[in-house]
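Student: Please find one structure pasted underneath; my questions will follow.
Readers should treat all values here as calculations from the given coordinates under stated rules, not as data from a laboratory. The shown structure was predicted, so the numbers you read here are calculated from the model rather than taken from an experiment. Reconstructed Cβ throughout: ideal geometry from the backbone, glycine too, with neighbour counts over all protein chains shown.
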Amino acid sequence: MKNTIPQELIQKFRSPEFPGSFFISFEGIEGAGKSTQIARLKDYLEKKNFRVLILREPGGTFFGERLREAILNAKTELHPLAEAHLFASSRTQLLSEVTLKELNIPNTVVIYDRYIDSSLAYQGVARGLGAREILEIHGQFPLTLVPHLTFYLKISPETSEKRQKMRNAPKDYFESRGMKFYESLVEGYDLASSLFKERILTLNAEQTLDNVELEIQDAINQLISKRPTNWNSDLET
Ligand code: TYD
């Protein structure tokens, strides 16, 4: 059956083994608070003497930023498969041009604002391609590389709508699709979390920013403490 996902396919997706550097991603629907939490985490990690690099998807490279513009300002409906391949192209380029090199530098934390789980939720579930199709598109290195830890900031579609209204910013290609779309995004993120239980930490982002921040710091400290013991550095942890 097309929708059952073989374990071998899921197991292809592995976190990098670079000692001393970390790969983190943030996920969530519009209004979840990703940007705020990413900025706070960057400050927190820099105080611990990490080098922190924030990258966004789609984007992060000259090519990726052009694709970002093309997708988010699309005036016609794109085929979901075209969308999935465009996001995967931007992702491949960012991984090869920037991320792989950065992760080889000790003391580095690369933080992604969205990664593969966005493709699972948006193109896989909300746009109907199926999670298996997304994983198959990502089946070759470097697209099989996944973060050590992903924070899914979970809010309801209603909260997303309320927060978007308060912001009153112009809506892009995905933001004008209504409640049903947001409901399927939440379903999509829940599915991603069930496929990648060990990597994805779901946080209740209906709470105050400060509470969410503390939960993030707690999880990050646990991750840092798992660093190999032969890791020598003067980092303050
Ligand atoms: P962005 O402005 O970065 O959204 P946000 O501020 O909510 O993070 O726009 C990126 C949009 O692209 C967002 O609506 C999610 C969507 N997207 C996908 O559909 N698939 C993907 O793989 C990625 C990375 C993003």
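Student: Taking the Cβ of each residue in His79, His85, His138 as the centre, tally the other Cβ atoms inside 10 Å and list the residues starting with the fewest. All intermediate terms of the calculation are to be shown ahead of the outcome.
Tutor: On the way: His79 11, His85 14, His138 24.
The fewest-first ordering by Cβ neighbours comes to His79, His85, His138.
Student: Using DSSP to define loop residues, name the trypsin sites (Lys or Arg not before Pro) in the stretch 59-125 whose beta-carbon has at most 11 other beta-carbon atoms within 10 Å. Don't skip to the answer; put the middle values down first.
Tutor: Numbers: sites: Arg66, Arg68, Lys75, Arg91, Lys101, Arg114; in loops: Lys75, Arg114.
Hits after loop and neighbour filter: Lys75.
Student: If you don't mind, there's one more thing I want to ask. Using +1 on the beta carbon of Lys and Arg, -1 on that of Asp and Glu, and nothing else charged, what's the dipole of the chain about the Cα centre, debye to 20?
Tutor: 240 debye
Student: Follow-up question, since we're still on this one. Using a/c under 1.5 as the rounded threshold, could you call the stretch 2-225 rounded, prolate or oblate? The axes a ≥ b ≥ c are square roots of the C-alpha gyration tensor eigenvalues, and prolate needs a/b larger than b/c, oblate otherwise.
Tutor: Rounded.
Student: Only counting other Cβ atoms within 10 Å, I'd like Phe22, Phe141 sorted with the fewest neighbours first.
Tutor: Least to most surrounded, the residues fall as Phe141, Phe22.
Student: Shape call for the stretch 57-185 from the C-alpha gyration tensor, a ≥ b ≥ c root eigenvalues: rounded (a/c under 1.5), prolate (a/b greater than b/c) or oblate?
Tutor: prolate
Student: Within 10 Å, at most 12 other Cβ atoms, and a DSSP state outside H, G, I, E, B define an exposed site. Report the longest part of the chain free of exposed GluC sites (Glu not before Pro).
Tutor: Numbers: sites that count: Glu17, Glu77, Glu198, Glu236.
Result for the longest clean stretch: 78-197.
Student: Where in the stretch 152-184 are there trypsin sites (Lys or Arg not before Pro) that are in a DSSP coil and have at most 15 other Cβ atoms within 10 angstrom of their Cβ?
Tutor: Lys171, Arg177
Student: Residue by residue through the stretch 81-86, which ³J(HN,Hα) values in whole Hz follow from phi under the Karplus form 6.51 cos²θ - 1.76 cosθ + 1.60 (θ = phi - 60°), with glycine and proline marked x?
Tutor: The phi angles translate into 5, 5, 4, 4, 6, 5 Hz.
Student: Right, here's the next one. When a/c reaches 1.5 or more, the comparison of a/b and b/c decides; with that in mind, is the stretch 139-182 rounded, prolate or oblate per its Cα gyration tensor?
Tutor: Verdict is prolate for the stretch 139-182.
Student: Also, I was wondering about something else. How big is the Cα convex hull of the stretch 1-72 in projection, averaged over all directions, in nm²?
Tutor: On the way: hull surface 31.5 nm².
Averaged projected hull area, Cα only: 7.9 nm².
Student: What FRET efficiency comes out for Phe141 versus Gln222 if R0 is 30 angstrom and r is the Cβ-Cβ distance? Round to the nearest 0.05.
Tutor: Working: r = 27 Å, r/R0 = 0.91.
Working from the Cβ atoms, E equals 0.65.
Student: OK, next. Could you put Leu103, Leu81 in order, starting from the residue whose Cβ has the fewest other Cβ atoms within 10 Å?
Tutor: Final ranking by Cβ density, sparse to dense: Leu81, Leu103.
Student: In nm, give the distance between the simple-model label positions of Lys48 and Glu17, each being 7 Å from the Cα along the Cα-to-Cβ direction.
Tutor: Placing both labels 7 Å beyond Cα along the Cβ direction yields 2.3 nm.
Student: Viscosity 0.890 mPa s, temperature 25 °C: Stokes-Einstein D of the stretch 125-237 from its Kirkwood Cα radius, in µm² per second?
Tutor: Working: Rh = 16.9 Å.
For the chosen part, D equals 145 µm²/s.
Student: Lys154: net charge of surrounding residues, Cβ under 11 Å, Lys/Arg +1, Asp/Glu -1, itself excluded?
Tutor: Result for the local shell: -3.
Student: Taking loop as defined by DSSP and a crowding limit of 14 other beta carbons within 10 Å, which chymotrypsin sites (Phe, Trp or Tyr not before Pro) in the stretch 181-231 fit?
Tutor: Qualifying residues, ordered by number: Trp231.
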